[in-house]
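The values are calculated or read from the model by the stated rules, or taken from the named source; none is laboratory data. Keep in mind that what you see is a predicted model, and the values were worked out from it rather than measured. Ideal geometry is used to build each Cβ from the backbone, glycine not excepted, and the neighbour counts take in all protein chains shown. In case anyone asks, the SASA skips ligands and DNA or RNA and just uses the protein heavy atoms, side chains included. Shrake-Rupley method; radii C 1.70, N 1.55, O 1.52, S 1.80 Å.
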Amino acid sequence: MSRRVLVLDTTLRDGEQVPGAKLNIYEKLEIAHQLKKLNVDIIEAGFPSSSKGDFDSVQRIAKEIIDGPMITALARAVKGDIDAVYESIKYAQNPLIHIVLGTSAIHVEKKFNKSKESILEMGVDAVRYAKTLLPNVQYSTEDASRSDFEYLWKTIEQVVKAGATMINIPDTVGYAVPEEFGELINKINYRLKNLNDKVILSVHCHNDTGLATANTLIAVKNGATKVECTLNGIGERAGNAALEEVAVGLKLRSSYYNAHTNVVLQEIKTTSKLVSTLMGLDIQVNKAITGDNAFAHSSGIHQDGLLKSRDAYEIIRPEDVGVENMELILTARSGRHAFKDAISKIIHKDIENNDFENLFNKFLNLADLKKEVYTHDLYYLVDRYYFEQGNTQAEVHTVSGKLYELVASQVISNDSFPSASIRLKRGEEIFKDSAGGDGPIDALYTAIKNIVGFDIELVEYKITSVSRGKEALGRVNLQIRYNNKVYSSKAVDTDIIRASALAFLNGVNTIIIEDIGNEK
């Protein structure tokens with residue numbers, strides 16, 4: 001029977017320790033409510049003794065997050081810290097005190113400058129005191145992966161006898177490798193089950209050598225029934241085990257690990273984006289599960305395989321983790337199969353071989369020029385090709401004549417009145433407009449909306465560099481909302497203002513194409 005693995009999310013504690021990622025109380029609350037939707041089992045809300053602001057945030061979360069996860073916060077093995085945790089989480093429906101104290105020789109001798117015996121006594125006393133306040137107490141043996149095993153076990157044995165209900169084995173500096181860490185957890189699990197089989201065995205892995213997820217999963221394989229993670233793998237230094245990677249890994253290979261979580265996978269993308277946005281930490285594009293390219297395919301071989309059968313190159317369905325759709329990005333590397341599939345959605349009849357080859361060559365020339373080709377680009381390409389042949393495809397021409405093309409733009413950025421002027425082309429018509437805004441991009445998008453007449457809300461705007469040097473390409477990724485539906489669009493250009501305008505127009509044209517399709 002599959003074991004349920006508890007998930008403790010420490011995004012609001014360990015994750016917030018990333019330089020520059022400080023959250024205010026309202027942002028923490030917003031993330032906490034989303035973590036409840038994600039259905040994590042425990043939220044570690046902060047480190048209350050570190051500041052009044054952190055104390056207040058933890059207390060507010062403990063009061064507001066009801067009918068959901070346990071609430072915990074971190075304390076060192078001293079009375080003042082434990083009191084701060086208790087006072088901040090005592091209003092929670094299911095509070096947990098989390099105590100941490102080092103067990104490695106480096107921590108005992110160099111960090112604390114004390115004997116092993118005195119550190120052990122300090123930990124036991126801390127657990128006994130915490131148990132007088134609350135029934136649930138977790139004890140973390142900091143730097144466990146570099147600790148002498150017999151001393152580590154002696155510590156675990158003594159704190160369990162003192163009343164600890166959860167034992168956490170941290171790989172605090174990312175020192176562990178999966179084989180050794182799995183053996184360590186296996187030994188501790190065996191002894192712990194004989195000592196007290198009701199105590200939960202947990203792990204907390206850091207990613208200094210890129211092994212946090214691997215170490216976490218091998219720990220589950222060897223008996224751990226609780227994992228500590230963060231969204232997007234953020235945290236101290238190189239970060240923590242990524243919650244989304246662990247949860248999906250256990251879902252995908254549940255029979256191998258003989259374990260599962262209760263995480264609602266469909267909420268992963270929303271939670272990931274919320275954390276990224278509020279903390280101001282971009283997610284690397286190739287990040288597993290939550291990166292922009294996690295479900296994007298540009299290789300012709302991959303696209304060909306996907307179009308024949310999704311499971312050829314896709315072991316996780318994007319919709320399973322809250323991603324709206326699989327994306328086939330047409331580039332110069334896209335093969336004939338991907339191109340043919342794309343234009344078959346435009347030309348609803350068989351294409352002569354000669355026409356197809358000519359169109360494909362024109363597509364390659366366009367892809368070399370633009371780097372990435374979008375649906376509306378294909379309408380223009382097909383429409384122009386058949387027009388030159390004197391054989392206009394009425395259906396394609398009707399659509400392409402309703403799409404907008406950027407002719408020119410100009411923005412003025414200043415403190416008093418940012419403004420933008422735009423010139424667009426639709427068919428043979430030219431449209432012009434100028435507008436002000438809160439900034440140059442807001443002014444630019446206002447001018448475009450004035451022309452197209454759509455009530456569009458900008459949901460997300462992100463700029464990233466996709467190359468280096470003075471002529472670097474900038475990619476603009478957008479999410480826009482129209483008629484209660486969210487559309488994603490992007491554009492690449494050396495001029496980020498032009499890329500911003502193109503990305504918005506790509507979104508507008510996607511809406512137009514969809515509306516035309518719905519009318520048929």
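Worth a mention:
- Any hit, the range 252-263, residues being touching a strand residue (DSSP E or B) at 6+ places or on another chain (Cβ under 9 Å), in the same structural domain as residue 213 (by the TED database) and closer than 25 Å to residue 486 by Cα: yes
- Scope the range 17-46; condition of a type in the set (S, T, N, Q) and at pLDDT 95 or above; matching residues: 34, 39
- Test: residue 285 is modelled with pLDDT of 95 or more and among the aliphatic types (A, V, I, L, M): no
- Selected residue [among the aromatic types (Phe, Trp, Tyr), assigned by the TED database to the domain that holds residue 109 and part of a helix (DSSP H, G or I)] from 129, 139, 175: 129
- Residue in the range 67-83 that is within 19 Å of residue 14 (Cα to Cα) and open to solvent by 60 Å² or more (accessible area, probe 1.4 Å) present: yes
- Lone qualifier among 216, 270 - being assigned to a helix (DSSP H, G or I), touching a residue at least 12 places away in the same chain (Cβ under 8 Å) and surrounded by fewer than 20 Cβ atoms within 10 Å (Cβ to Cβ): 270
- Pairs where the first residue, in the range 389-418, is in a helix (DSSP H, G or I) and the second is at pLDDT 80 or above, C-beta under 9 Å, 6+ apart: 399/512; 400/427
Conditions tested, residue by residue: (1) in a helix (DSSP H, G or I); (2) in contact with a helix residue (DSSP H, G or I) (Cβ under 8 Å, 6 or more places away or on another chain); (3) of a type in the set (Phe, Trp, Tyr); (4) at pLDDT 95 or above.
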{"residue": "152", "(1), (2), (3), (4)": "yes, yes, no, yes"}
{"residue": "170", "(1), (2), (3), (4)": "no, yes, no, yes"}
{"residue": "182", "(1), (2), (3), (4)": "yes, yes, no, yes"}
{"residue": "191", "(1), (2), (3), (4)": "yes, yes, no, yes"}
{"residue": "194", "(1), (2), (3), (4)": "yes, no, no, yes"}
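- Residues satisfying the stated conditions in the range 242-266, i.e. open to solvent by less than 50 Å² (accessible area, probe 1.4 Å) and over 24 Å from residue 276 (Cα atoms): 254, 257, 259
- Cβ separations smaller than 6 Å between residues 6+ apart or across chains give no pair from the range 488-514 residues that are among the acidic types (Asp, Glu) to residues that are assigned to a helix (DSSP H, G or I) and open to solvent by 10 Å² or more (accessible area, probe 1.4 Å).
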